[in-house]
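The values are calculated or read from the model by the stated rules, or taken from the named source; none is laboratory data. These figures come from a predicted structure and were not determined experimentally. Note: ideal-geometry Cβ built from the backbone for every residue, glycine included; neighbour counts use all protein chains shown.
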Amino acid sequence: MACEERWMEILSAWQDGEATVAEIAQVRAHLSGCARCQDSRESFQWIHQAFGGLRVEAGPASVPAPRPRPALDSRWHRRWPALTAGALAVAAVLTLVWAPLHQHGSGLVDELEARHLTAFARASPCEFTSSDPTAVRAWVASNLGYDIEVPTVPHATLLGARRCTVHGGMTASLLYRRGDEALSLFLPRAGTTIDSETARMSRARSGCTVGRLGAVVCARPGLFAVAETEGTALAALESF
């Protein structure tokens, strides 16, 4: 875990390509003298390396390059205290990534799964925190420039929203908790490339697939849902 929550937030944003130039400069300077934050930086890099290098960005020279692991150990859990119990269960299948097995999903599925996991690894997963669907809808319209529906997912609590770069474009993400399970909904702007992918994926099989770290990604036209279980992902789709 990073030495302070603010560094954890910046490290996560840096890995997602969402940190500002000033934040990156600050954290680079901080990393040279903080072993705990170097460890956290490596943890973020390990996740993204597991996705085939998805948006991995080289760290400062003082930070060792991420090293592949043959198996999951208890250090993983110490490095991700902000993850929910449900998300930790998702991360537990990381052992499969280091073996030549289970190359699930497409690059887009990997990207959605990575955005979901790194958001919920933060102290606060949302850019805008609110359980009011009207307020969340207004925030998305103001900050992304398009209108979305904010559904009431059965047995789930709305946490808020954030902006995500997915498939080369900015996309709205709604975040929920359903019991101990984390849930992300990705609602792209109509007519974009990722929007067309929602329709394509929804026609394939059940419209669901499993990502490299075990998260379930389900689709219907205009929407992706990412969760630990298919039941939660499908409940989200059915709420629209």
Which numbered condition Pro221 misses (of (1) within 17 Å of Leu108 (Cβ to Cβ); (2) touching a strand residue (DSSP E or B) at 6+ places or on another chain (Cβ under 6 Å)):
(2)
Considering region 222-240, residues that are among the small types (Gly, Ala, Ser) and outside any loop (DSSP other than H, G, I, E, B), and then whichever is surrounded by the most Cβ atoms within 10 Å (Cβ to Cβ), we arrive at Ala225
Output the residue which, of all residues in region 1-28 that are within 21 Å of His167 (Cα to Cα) and exposed (fewer than 15 other Cβ atoms within 10 Å of the Cβ), is modelled with the highest pLDDT.
Thr20
I need the full set of residues from region 122-146 which are in a loop (DSSP other than H, G, I, E, B), free of Cβ contacts under 8 Å to residues at least 60 places away in the same chain and of a type outside the set (D, E, K, R), in order please.
Pro125, Cys126, Ser130, Ser131, Gly145, Tyr146
Collect the residues in region 29-43 that are surrounded by 16 or more Cβ atoms within 10 Å (Cβ to Cβ) and touching a residue at least 24 places away in the same chain (Cβ under 8 Å), keeping them in residue-number order.
Leu31, Cys34, Cys37, Gln38, Asp39, Ser40, Arg41, Glu42, Ser43
Across region 157-179, what is the number of residues that are on the phi < 0 side of the Ramachandran plot and modelled with pLDDT of 90 or more?
14
Checking Glu149 against (1) surrounded by 21 or more Cβ atoms within 10 Å (Cβ to Cβ); (2) not in a helix (DSSP H, G or I): exactly one of these is not met. Which one?
(1)
Quick one: is Thr134 farther than 19 Å from Leu234 by Cβ, among the hydroxyl-bearing types (Ser, Thr, Tyr), surrounded by fewer than 21 Cβ atoms within 10 Å (Cβ to Cβ) and not assigned by TED's automatic domain parsing to the domain that holds Gln45?
yes
Taking region 201-237 on its own, how many of its residues are out of contact with any helix residue (DSSP H, G or I) (no Cβ under 7 Å at 6 or more places or on another chain) and either at pLDDT 90 or above or outside the structural domain of Leu174 (by TED's automatic domain parsing) (or both)?
9
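Let's see how each residue does on (1) aliphatic (A, V, I, L, M); (2) buried (at least 19 other Cβ atoms within 10 Å of the Cβ); (3) touching a residue at least 12 places away in the same chain (Cβ under 8 Å):
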position	(1), (2), (3)
Gly160	no, yes, yes
Met170	yes, no, yes
Leu175	yes, yes, yes
Pro188	no, yes, yes
Thr192	no, no, yes
Arg220	no, no, yes
